[in-house]
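The values are calculated or read from the model by the stated rules, or taken from the named source; none is laboratory data. This one's a predicted model, so the numbers in the text were calculated from it and none came from an experiment. Here Cβ is always computed from backbone atoms with ideal geometry, including for glycine, and neighbour counts include all displayed protein chains. Each accessible area value is taken on the protein alone, full model and side chains, heavy atoms only, with ligands, DNA and RNA left out. Shrake-Rupley method; radii C 1.70, N 1.55, O 1.52, S 1.80 Å.
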Amino acid sequence: MFTQWRRNALQIVYSKIAVLLLCSAITTMLFHNLYKHNIMQQFRTFDKDTHGGIRPEDTLHRKPSRELSDGGENPTSCPVIDFLATVDASARRYDPDLICDDLAQTSDIVCRMYFRQIGLEHLSKSTCALDKPGRVPNVVYFVIFGTYMFQFWHYVAVMAAKRHISPSAIYVIGDQHPVGRWWQRVLRDVHGVRFIYRELPQNISGIDVKFRHHLSDIVRLQILYMNGGIYLDADMVVVRDLEPLLDYDITLGMVENGTGMGNAFIVTKRGSPFLREWYTEYTRYSREQFYHNSLQVPRNLYFKNASRVHVESDRLYRPNWFEADLLFRRSDYPWRNNYAVHVWTNGNPVPRSPDDIQDSNTTIAQIFRQVMYGDSRPRRRLGVGNGG
């Protein structure tokens with residue numbers, strides 16, 4: 001009887017062990033399939049992107065393993081990084097292997113940063129080669145730090161860059177993704193957007209900043225100096241092809257003489273001498289003056305030697321901030337002559353959704369409709385829905 005009891009007890013134990021082994025096998029299989037699904041989904045997304053980039057939501061807050069490593073631990077010398085670090089010590093975290101290696105002069109360096117960041121560096125050699133290394137690279141940058149709520153006009157700005165520039169990539173550089181439904185719409189609607197993690201600089205030339213905007217100002221100059229390309233503020237709406245500007249060393253626009261040379265639109269070749277001198281002036285950073293280093297220094301440098309800069313003031317910054325009625329209340333401004341239009345948001349009735357532009361008879365509504373729908377005419381008068 002005792003033997004039978006022991007046999008029964010052993011059978012129960014063996015049954016439980018079998019159940020545990022089966023559960024373990026099922027769990028392992030599920031994790032394996034989930035991992036495989038994630039990997040395949042990532043590469044399906046990669047294949048769908050006509051510009052060879054994985055959608056930025058796959059890299060949210062993922063810090064690069066090497067290009068943001070401590071530059072002090074890397075013995076490789078890189079004059080570009082040494083120069084950038086004279087103003088911003090955090091520039092030492094850029095990877096000299098990418099910025100100063102044999103491929104740097106013929107490749108999109110930020111593209112290589114991106115592929116290293118997402119763990120697909122082996123794809124960068126073929127994907128990141130520049131078509132015409134001597135010209136301004138046809139890539140677009142937005143630099144955005146902190147918690148940044150994307151608005152409708154930011155979405156329009158990114159859409160406009162995609163529609164009118166047809167860049168090889170649109171890079172959003174910052175310490176965290178923008179937020180909000182219009183950022184999600186960007187991720188859904190605009191292929192080729194790539195998020196690049198870049199920590200916020202701590203100071204400028206050892207001086208604590210009073211205005212956080214100044215930190216974005218120096219990072220945009222860093223990226224442009226090392227790589228070249230097209231920088232846009234997130235409220236700068238491109239309205240035509242920028243191809244005629246890509247052979248100039250640098251293109252800027254004067255906001256107006258009192259304010260200074262605008263830095264919301266910068267088209268430049270890498271290593272521009274004018275850009276280098278502008279950045280060097282940050283070693284004499286003026287903390288208290290909002291516009292000094294960002295707008296007035298480039299204005300003064302331009303007046304010293306105007307031949308170094310191609311200037312397109314009216315076709316970038318008109319209507320000006322003091323001409324806001326031409327944008328928001330009138331409809332007769334010849335905006336098609338512009339390269340871009342700055343959306344002066346402070347205190348102005350900026351459209352906040354597609355509903356606001358359907359039949360509005362203003363210049364800004366015309367521009368937004370052209371970007372959104374390829375037709376500047378009022379939508380409801382054409383019997384068309386808002387599509388928003």
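Below is a table of values for the structure above.
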{"read-out": "Search result, residues across segment 94-113 that are of a type outside the set (A, V, I, L, M, F, W, C) and either assigned to a loop (DSSP other than H, G, I, E, B) or surrounded by fewer than 19 Cβ atoms within 10 Å (Cβ to Cβ) (or both)", "value": "TYR94, ASP95, ASP97, ASP101, ASP102, GLN105, THR106, ASP108"}
{"read-out": "Hits in segment 119-136 - residues which are under 24 Å from HIS164 (Cα atoms), open to solvent by 10 Å² or more (accessible area, probe 1.4 Å) and part of a loop (DSSP other than H, G, I, E, B)", "value": "LEU130, ASP131, LYS132, PRO133, GLY134, ARG135"}
{"read-out": "Among residues of segment 163-217, those that are among the basic types (Lys, Arg), closer than 26 Å to TRP278 by Cα and surrounded by fewer than 18 Cβ atoms within 10 Å (Cβ to Cβ), counted", "value": "2"}
{"read-out": "Test set (1) under 18 Å from LEU295 (Cβ atoms); (2) surrounded by fewer than 21 Cβ atoms within 10 Å (Cβ to Cβ) - LEU232 fails condition number", "value": "(2)"}
{"read-out": "Filter result for ARG116 (of a type in the set (D, E, K, R), within 22 Å of VAL219 (Cβ to Cβ), open to solvent by less than 40 Å² (accessible area, probe 1.4 Å) and in a helix (DSSP H, G or I))", "value": "yes"}
{"read-out": "Among (1) at pLDDT 95 or above; (2) not in a helix (DSSP H, G or I) - the single one SER77 does not satisfy", "value": "(1)"}
{"read-out": "Residues that are of a type outside the set (Ser, Thr, Tyr), touching a residue at least 24 places away in the same chain (Cβ under 8 Å) and open to solvent by 40 Å² or more (accessible area, probe 1.4 Å), drawn from segment 323-343", "value": "ARG329, ARG330, ASP332, ARG336"}
{"read-out": "Helices (runs of 4 or more DSSP H) completely within segment 193-311 that count 2 or more residues being over 25 Å from VAL341 (Cβ atoms) and under 20 Å from the mean Cα position of the chain (by Cα)", "value": "213-227"}
{"read-out": "Residue pairs meeting the criteria (Cβ under 6 Å; at least 6 apart or on separate chains; first farther than 13 Å from ILE367 by Cβ, in segment 140-166; second hydroxyl-bearing (Ser, Thr, Tyr) and open to solvent by less than 10 Å² (accessible area, probe 1.4 Å))", "value": "TYR141/TYR171; TYR141/TYR231"}
